[in-house]
Amino acid sequence: MQVTETLSDGLRRSYAVRLSASEIESQASARLADIGKTLRLPGFRPGKVPPNMIKKRYGSSVMAEVLQEAVRGVADRVVAEKQLRPAGQPRVSLEGQPVLDASAPSDLDIKVDVEVLPDITLPDLAALRLTRWRAEPSEDVVARALDSVATQNRKLEDLDEVRPAVVGDLLKVDFTGRIDGVAFEGGTATDIAIEVGGAGFIAGFTEQIEGLAPGETRTIDVTFPADYQAKELAGKAAQFEIVAKGLQRSVTPALDDALAVSVGLEDFAKLREAVVGQIQREYDAMARLRTKRELLDVLAEEARFPSPQNLLEQEFNAIWQRVEADRRAGRADDEDAGKDEATLKAEYHAIADRRVRLGLLLAEIGRLNDVVVSQAEITQALRAEVARYPGQEQQVLAFFQKTPAAVEQLRGPIFEDKVVDLILERAQVTDTTVPIEELALPEVDGVASAPVAAIAAEAAESVTEGDGSSGEVPPAETAAAADETV
């Protein structure tokens, strides 16, 4: 195989590849010889068919197979020979029409276009100055959380008194709903406790049961909202016949050992410990997002290299599709209002460029420091993803089993987190504790996309394997939420 570089422009490379007729003929002859070892034809013993007859009968089809395999494999051979680090799948095209005659093969000319990864100079991680943020729950926050636990476990008690219900009372009722005199599906309930004047029902429903006493019946008129989830009821007027059966009160349990036991814990101390732990985990997650965003801001200043055009366009297209979808749905970012399309595209193109460069820098840091994502970590992430869909676990698991690419999308956030941890271990980090309000992350670019992790993992995998893989950025849904601020 003869390889000649025909273009070297920035990150773009083009090569003219010539496979000689002798090389092609040698491969075709070897394939025909393999066929002849087991070929059965009338009048000949197995394996004894003359070579010229085999070539006459199978030469063209074998030559087509040889040429197809040659074209398919030439990109990998060029990448290996030239020691390239492709930023995407090389494009391969034939120069001229190949000859399929095994008796008279000709040279095969192939063009290979490839975009390579840029040369990336790593920052001195030990010289980076970063802040690792932390917040701790206050006693007031813990007290409110414990009160919430008690409220969620309150119980209803029947009241012996018979009197008209007032706002705030719980009235135990049966009701039947009708539209044009006909009962409708879902409009009947028995022994249901309704808070008088409370929320959760059609507007005007709970207000109209005020003054109703146990043993009394009342018919009320309501109108379903125009956007009601049951479309057959949306916007329609209905009547509800309500039979009051008794008054109830809500009793909130005390914050004591009995409450803890009722939720499956040993005592109140364990309950408080569990509540504090849950709040702390939520705070830690917010703190990590803040720390990661500031780390990425620092790295962005170090990522002074060009983005591969194919990765840049893929990322921009993904962002722009989401921007347009939000605009069609009336969710356009307020800061985008009044800007013309050219201005918006330029701004989001810059965001895409930053994300791609950050992803490649993270990938290079990970590659040179032997950061890998193990199969055990992928499996754990898969289990966590499946657990997000209670009742649909089997369907979700089946989807991942049938879609290897979806499993690979789980790799990105894991890889990114491991690289972030590596950087935090080596950098000069100052631990700072602040009120939780200071950890809030303002939205920077208004795009619900998080491709940095995906780009990093994809690039790292491509570089490590050296297989000329496509480098396509997986859907952003699988990446870490912190990257929305990249």
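The values are calculated or read from the model by the stated rules, or taken from the named source; none is laboratory data. All of these numbers come straight from a predicted model, not from anything done at the bench. Every residue, glycine as well, gets a Cβ built from its backbone with ideal geometry; the counts of neighbours run over all protein chains shown.
Given (1) more than 52 Å from the chain's Cα centre (by Cα); (2) at pLDDT below 80; (3) part of a helix (DSSP H, G or I), where does M53 come up short, assuming only one miss?
Only one criterion in (1) more than 52 Å from the chain's Cα centre (by Cα); (2) at pLDDT below 80; (3) part of a helix (DSSP H, G or I) is unmet by M53, namely (2).
Looking only at the stretch 72-96, count how many residues are under 22 Å from E315 (Cβ atoms) and touching a residue at least 24 places away in the same chain (Cβ under 8 Å).
Initial filter on the stretch 72-96 (under 22 Å from E315 (Cβ atoms)): 84-91.
Narrowing the set further to residues that are touching a residue at least 24 places away in the same chain (Cβ under 8 Å) leaves 84-90.
The total comes to 7.
Looking at G73, G59, G88 in this structure, which one is of a type outside the set (A, V, I, L, M, F, W, C) and out of contact with any helix residue (DSSP H, G or I) (no Cβ under 8 Å at 6 or more places or on another chain)? Please lay out each step first, then the result.
On the way: G59 fails: out of contact with any helix residue (DSSP H, G or I) (no Cβ under 8 Å at 6 or more places or on another chain); G88 fails: out of contact with any helix residue (DSSP H, G or I) (no Cβ under 8 Å at 6 or more places or on another chain).
So the residue among G73, G59, G88 that is of a type outside the set (A, V, I, L, M, F, W, C) and out of contact with any helix residue (DSSP H, G or I) (no Cβ under 8 Å at 6 or more places or on another chain) is G73.
What are the residues in the stretch 2-42 that are farther than 15 Å from S106 by Cβ, part of a loop (DSSP other than H, G, I, E, B) and in contact (Cβ under 8 Å) with a residue 60 or more places away in the chain, if any?
Taking the stretch 2-42 as the starting set, the residues that turn out to be farther than 15 Å from S106 by Cβ are 3-16, 29-42.
Filter once more, so that each one left must be part of a loop (DSSP other than H, G, I, E, B): 10-11, 37-42.
Matches in the stretch 2-42: G10, L11.
Being of a type outside the set (F, W, Y), over 25 Å from R281 (Cβ atoms) and at pLDDT 90 or above narrows it down to one residue among Q401, Q428; which is it?
Values: Q401 fails: at pLDDT 90 or above.
Exactly one residue qualifies, and that residue is Q428.
Table: residues versus (1) part of a loop (DSSP other than H, G, I, E, B); (2) under 30 Å from D257 (Cβ atoms); (3) in contact with a helix residue (DSSP H, G or I) (Cβ under 6 Å, 6 or more places away or on another chain).
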{"position": "W133", "(1), (2), (3)": "no, no, yes"}
{"position": "P137", "(1), (2), (3)": "yes, yes, yes"}
{"position": "D140", "(1), (2), (3)": "no, yes, no"}
{"position": "V167", "(1), (2), (3)": "yes, no, no"}
{"position": "A203", "(1), (2), (3)": "yes, no, no"}
{"position": "E207", "(1), (2), (3)": "no, no, no"}
{"position": "I220", "(1), (2), (3)": "no, no, yes"}
{"position": "Q239", "(1), (2), (3)": "no, no, no"}
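Given the criterion over 30 Å from E161 (Cα atoms) and not in a loop (DSSP other than H, G, I, E, B), identify the matching residue among V243, V276.
Numbers: V243 fails: over 30 Å from E161 (Cα atoms).
Going through V243, V276 in turn, the sole match is V276.
Might you check whether a residue that is within 47 Å of the chain's Cα centre (by Cα), assigned to a helix (DSSP H, G or I) and crowded, with 16+ Cβ neighbours inside 10 Å occurs anywhere in the stretch 110-119?
Narrowing the stretch 110-119 to residues within 47 Å of the chain's Cα centre (by Cα): 110-119.
Keeping just the survivors that are assigned to a helix (DSSP H, G or I) gives none.
Checked the stretch 110-119: no residue is within 47 Å of the chain's Cα centre (by Cα), assigned to a helix (DSSP H, G or I) and crowded, with 16+ Cβ neighbours inside 10 Å.
List pairs: first residue in the stretch 395-423 and more than 23 Å from L296 (Cα to Cα), second residue assigned to a helix (DSSP H, G or I) and among the aromatic types (F, W, Y) anywhere in the structure, Cβ distance under 9 angstrom, at least six positions apart or on different chains.
A406/F399; A406/F400; V407/F400
Look through the stretch 66-83, keep the residues that are part of a helix (DSSP H, G or I) and of a type in the set (D, E, K, R), and return whichever of them is nearest to Q27 (Cα to Cα).
Taking the stretch 66-83 as the starting set, the residues that turn out to be part of a helix (DSSP H, G or I) are 66-81.
Still in the list and also of a type in the set (D, E, K, R): 69, 72, 76-77, 81.
Details: E69: 10, R72: 15, D76: 18, R77: 16, E81: 20 Å.
Result: E69.
If you check A193, A199, which single one turns out to be under 43 Å from the mean Cα position of the chain (by Cα), in a strand (DSSP E or B) and within 24 Å of R249 (Cβ to Cβ)?
Numbers: A199 fails: in a strand (DSSP E or B).
Only one candidate qualifies: A193.
Output the residue which, of all residues in the stretch 155-173 that are exposed (fewer than 15 other Cβ atoms within 10 Å of the Cβ) and not hydrophobic (A, V, I, L, M, F, W, C), is nearest to V196 (Cα to Cα).
G168
If you check E157 against the conditions, is it part of a loop (DSSP other than H, G, I, E, B) and either farther than 30 Å from E232 by Cβ or free of Cβ contacts under 8 Å to residues at least 12 places away in the same chain (or both)?
Working: part of a loop (DSSP other than H, G, I, E, B): no; either farther than 30 Å from E232 by Cβ or free of Cβ contacts under 8 Å to residues at least 12 places away in the same chain (or both): yes.
Criteria not met by E157.
Answer yes or no as to whether G181 is at positive phi, out of contact with any His (no Cβ under 6 Å at 6 or more places or on another chain) and not polar (S, T, N, Q).
Values: at positive phi: yes; out of contact with any His (no Cβ under 6 Å at 6 or more places or on another chain): yes; not polar (S, T, N, Q): yes.
The answer is yes for G181.
Which of the numbered conditions does T430 fail, given that it passes all the others? Conditions: (1) in contact (Cβ under 8 Å) with a residue 60 or more places away in the chain; (2) farther than 30 Å from P306 by Cα; (3) assigned to a helix (DSSP H, G or I).
Tallying (1) in contact (Cβ under 8 Å) with a residue 60 or more places away in the chain; (2) farther than 30 Å from P306 by Cα; (3) assigned to a helix (DSSP H, G or I), T430 fails exactly one: (3).
Please determine, by comparing only the residues of the stretch 1-56 that are β-branched (V, I, T) and farther than 25 Å from R72 by Cα, which one is surrounded by the fewest Cβ atoms within 10 Å (Cβ to Cβ). Lay out the reasoning, then the answer.
So the first thing to find is which residues in the stretch 1-56 are β-branched (V, I, T), and the list is 3-4, 6, 17, 24, 35, 38, 49, 54.
Next, from what is left, pick out any that are farther than 25 Å from R72 by Cα: 38, 49, 54.
Values: T38: 9, V49: 19, I54: 18.
Going through the qualifying residues, I end up with T38.
For the stretch 386-439, give me each residue that is over 30 Å from D370 (Cβ atoms), touching a helix residue (DSSP H, G or I) at 6+ places or on another chain (Cβ under 8 Å) and of a type in the set (G, A, S).
A387
Give the residue, chosen from R331, R383, R327, that is among the basic types (K, R) and at pLDDT 90 or above.
So the residue among R331, R383, R327 that is among the basic types (K, R) and at pLDDT 90 or above is R383.
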